[in-house]
Amino acid sequence: MQSGYMEHALIEARLAAEAGEVPVGCVIVHETKVIARAHNRTLRDRDPTGHAELLAIRAASASLGSERLPACDLYVTLEPCAMCAAAISFARIRRLYFAASDPKMGAVEHGPRFFSQPTCHHAPEVYSGIAEADAARLLKGFFAARR
């Protein structure tokens, strides 16, 4: 089931790549239904906070009419950065599934390890490596084409 949801996130990541954005995609699931989907839109929106996770959290919150999403699971193709990890915590996301690790900017298993900090109010269950090869291939291909 989890890899099926990650495939939806990968579709979003491909849409981002087609638009010239860093290929990161995200979906949020509530009671087995995808209620929000998004991909990076920092360039299109001229917004440094236009990360897939933030856009999906905003859409899920609007869909459910709540700033808290404790019955929701978030699937994203790249390890969240510190900004996105904080948003996941504030939204009280139940479970985080991510595909590729990000040793440079990731904040879950790398860098600040946001959810392990004593100042973190809520830490979701975290599952990594789901469809990792597909997500990594998409990211590497995207950046190779720009060099």
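The values are calculated or read from the model by the stated rules, or taken from the named source; none is laboratory data. All values reported here derive from a predicted model rather than from experimental measurement. Cβ sites come from the backbone with ideal geometry, for glycine too, and all protein chains shown count toward neighbours. Accessible surface areas use protein heavy atoms only, side chains included; no ligands, DNA or RNA. Shrake-Rupley method; radii C 1.70, N 1.55, O 1.52, S 1.80 Å.
Residue-wise test of (1) open to solvent by 10 Å² or more (accessible area, probe 1.4 Å); (2) under 15 Å from Ala135 (Cβ atoms); (3) modelled with pLDDT of 95 or more.
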| position | (1), (2), (3) |
| --- | --- |
| His8 | yes, yes, yes |
| Pro23 | no, yes, yes |
| Lys33 | yes, no, yes |
| Asp47 | yes, no, yes |
| Leu54 | yes, no, yes |
| Ala86 | yes, no, yes |
| Pro112 | yes, no, yes |
In the stretch 10-21, residues that are over 14 Å from the mean Cα position of the chain (by Cα), of a type in the set (D, E, K, R) and open to solvent by less than 40 Å² (accessible area, probe 1.4 Å) total 1
Just for the stretch 95-108: of the residues that are surrounded by 17 or more Cβ atoms within 10 Å (Cβ to Cβ) and not hydrophobic (A, V, I, L, M, F, W, C), which one is nearest to Pro48 (Cα to Cα)? Gly106
Enumeration of residues in the stretch 81-108 that are in a loop (DSSP other than H, G, I, E, B) and hydrophobic (A, V, I, L, M, F, W, C): Cys81, Ile93, Met105, Ala107, Val108
So which residues in the stretch 61-80 are closer than 18 Å to Ala13 by Cβ and either assigned to a loop (DSSP other than H, G, I, E, B) or not polar (S, T, N, Q) (or both), if there are any at all? Asp73, Leu74, Tyr75, Val76, Leu78, Glu79, Pro80
